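All remarks here apply to the structure that follows.
The values are calculated or read from the model by the stated rules, or taken from the named source; none is laboratory data. Computed from a predicted structure; not experimentally measured. All Cβ positions, even for glycine, are placed from backbone atoms using ideal geometry, and neighbour counts span all protein chains on display. The area values use the complete protein model at the heavy-atom level, side chains included, leaving out ligands, DNA and RNA. Shrake-Rupley method; radii C 1.70, N 1.55, O 1.52, S 1.80 Å.
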Amino acid sequence: MKRFKIAQILNDPAIGEKVEVKGWVRAFRSNRFIQLSDGSTIKTLQAVVDFEQMDEATLKKVTTAAAICVQGELVASQGSGQAVELQVESLEIIGEANPDDVQRTVMQPKKHSLEFLREQAHLRFRTNTFGAVFRIRHAVSFAIHKFFNDRGFYYIHTPIITGSDAEGAGEMFRVSTLDPKNPPLNEDGSVNYKEDFFGKAVNLTVSGQLEAELAALALGQVYTFGPTFRAENSNTSRHLAEFWMIEPEVAFNDIHDNMDLAEDMLKYICQYVMDNCPDDLQFLHERDAAEQQTKPQHERNELGLIDRLKFITENPFERITYTKAIEVLRNSNHYKKKKFQYEVEWGTDLQSEHERYLVEKEYKRPVIITDYPASFKAFYMRRNDNAEPGKETVAAMDILFPGIGEMVGGSQREERLDVLKEKCAAFHIPEEDLWWYLDTRKFGTVPHAGFGLGFERMVMFVTGMTNIRDVIPFPRTPLNAEF
């Protein structure tokens, strides 16, 4: 007999057809009604057993979380809540689940805190919330690949182990095979990395951007989608030590082309999730609405989850300069009434509260801020030629979303060799460390641009989850590398 996934059956029920279904028991009521889940959908299939025709010893093993195989006929449901149910003709126990063991886990049929669920990350996939989150995570990933593939981009795998620090942050994980208790030393007492595996000090990457630029300057348009690492000792709801980044790079694009590409991509992702994950999205929408009711009025999202996605797809993104953003913020009643925690002053980076104010209060649409001060942006961003004296800016951009602040950061890259060398010197980056990057500016250099999208931050937005640890299967954070 052919095995069917529950999603197949519920999406296209064939009354009278004989089917086989395998899955896990979510509930077993009255020794008659089994709620069966196989992960293909958030919905369950009701399997109806005839107690008198089933082996009693087998039925005793039909407990919550047990894995079973059932065969039978699809019939129109006699009860409410489902259109179709399975009239069981045979039932096989594949894997037992001891009820006492179930009671100490997240599979116990009751509401659990997200913190408790994180402690059992190996089992939290079995819950409705995390089943929905990770099905949507897959959909977002697929949408990103489809978006770029359909537009002629090439997917590039950039190094995970690298000798360069693309962001200049210095918060990187060292990769070494040297004996930590007795490493070889130089005369000055420092570690002699020339004797290490790669003959130099190397780290886990924080970005694939620099390498993606090399590919874009030959292939035209490329993107990366890979793991990145940040050794920042931060335990906030927005930080992970291991996360995933999407970084497109496009030759001959300027900052305006870059903004167009990023806006198109973000709209595409949100629309794809709405079109392809309606059941999971509706469940998370209702979960988000219930959670909002527990918050103080001033902390609640004015828009529900689905409306937040429509907020992205249905509104053109507002585009303003950093200078304009500072002007708007300083002229706002919010600023005049001293409601901002952080100061608003030209030359300082915007904080999340400022970004959210611009999106949610001032413009009421996604906002792209451009032309940031060069003082707090990366060395590779193109220097603007028309800046006021003392107010040097770069062709950078940040895209701001409601409830979350910065979603995308990018820039037009500095393609001029002489200017790039000046910036390396200003950032104290030895030219010999990036000789290969500088070399690309000697052979047909062209304007080019790209951006980075933090994958988990995007998944947070489309699922309504408020802690980044709840949108990655196995979070890596300070003092936490379980599973």
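Counted as qualifying within the range 94-158 are the helices (runs of 4 or more DSSP H) with 3 or more residues that are β-branched (Val, Ile, Thr) and out of contact with any strand residue (DSSP E or B) (no Cβ under 9 Å at 6 or more places or on another chain), namely 128-150. Is the range 40-55 home to any residue that is in contact with a helix residue (DSSP H, G or I) (Cβ under 8 Å, 6 or more places away or on another chain), in a loop (DSSP other than H, G, I, E, B) and free of Cβ contacts under 8 Å to residues at least 40 places away in the same chain? Yes, some residue in the range 40-55 is in contact with a helix residue (DSSP H, G or I) (Cβ under 8 Å, 6 or more places away or on another chain), in a loop (DSSP other than H, G, I, E, B) and free of Cβ contacts under 8 Å to residues at least 40 places away in the same chain.
What helices (runs of 4 or more DSSP H) lie completely within the range 259-374 and have 1 or more residues being touching a residue at least 60 places away in the same chain (Cβ under 8 Å)? Show your work before the answer.
On the way: elements: 278-293, 305-313, 322-330, 333-336, 352-357.
Output list reads 278-293, 305-313, 322-330.
Please count how many residues of the range 234-258 are part of a strand (DSSP E or B) and in contact with a helix residue (DSSP H, G or I) (Cβ under 8 Å, 6 or more places away or on another chain). Reasoning before the result, please.
Filtering the range 234-258 for residues part of a strand (DSSP E or B) gives 242-251.
So of that shortlist, the ones also in contact with a helix residue (DSSP H, G or I) (Cβ under 8 Å, 6 or more places away or on another chain) come out as 243-251.
Total meeting the criteria: 9.
In the range 164-187 there is no residue that is surrounded by fewer than 17 Cβ atoms within 10 Å (Cβ to Cβ) and touching a Gly at 6+ places or on another chain (Cβ under 8 Å).
If you filter the range 451-483 down to residues that are within 23 Å of Gly409 (Cβ to Cβ), outside any strand (DSSP E or B) and among the aliphatic types (A, V, I, L, M), you find that the one that is farthest from the chain's Cα centre (by Cα) is Met465. If you take the residues of the range 443-476 that are open to solvent by 10 Å² or more (accessible area, probe 1.4 Å) and polar (S, T, N, Q), which of them is farthest from Arg308 (Cα to Cα)? The extreme case among them is Thr445. Checking each residue in the range 303-324 for being in contact with a helix residue (DSSP H, G or I) (Cβ under 7 Å, 6 or more places away or on another chain) and open to solvent by 50 Å² or more (accessible area, probe 1.4 Å) picks out Leu303, Glu318, Arg319. Figure legend. Inter-residue proximity from the range 220-240: first residues within 14 Å of Arg476 (Cβ to Cβ), second residues of a type in the set (Gly, Ala, Ser) and assigned to a loop (DSSP other than H, G, I, E, B), beta-carbon distance below 7 Å, spacing 6+ or different chains. Indicated pairs: Thr228/Ser207; Phe229/Ala241; Arg230/Ala241; Ala231/Ala241.
Residues of the range 398-427 that are more than 31 Å from the chain's Cα centre (by Cα) and either closer than 18 Å to Asp371 by Cβ or open to solvent by 10 Å² or more (accessible area, probe 1.4 Å) (or both): Arg416, Leu417, Asp418, Val419, Lys421, Glu422, Lys423, Ala425, Ala426. Taken across the range 48-56, residues that are open to solvent by 50 Å² or more (accessible area, probe 1.4 Å) and under 39 Å from the mean Cα position of the chain (by Cα) do not occur at all.
Can you confirm whether Ser80 is among the hydroxyl-bearing types (Ser, Thr, Tyr), surrounded by 14 or more Cβ atoms within 10 Å (Cβ to Cβ) and closer than 20 Å to Asp279 by Cβ?
no
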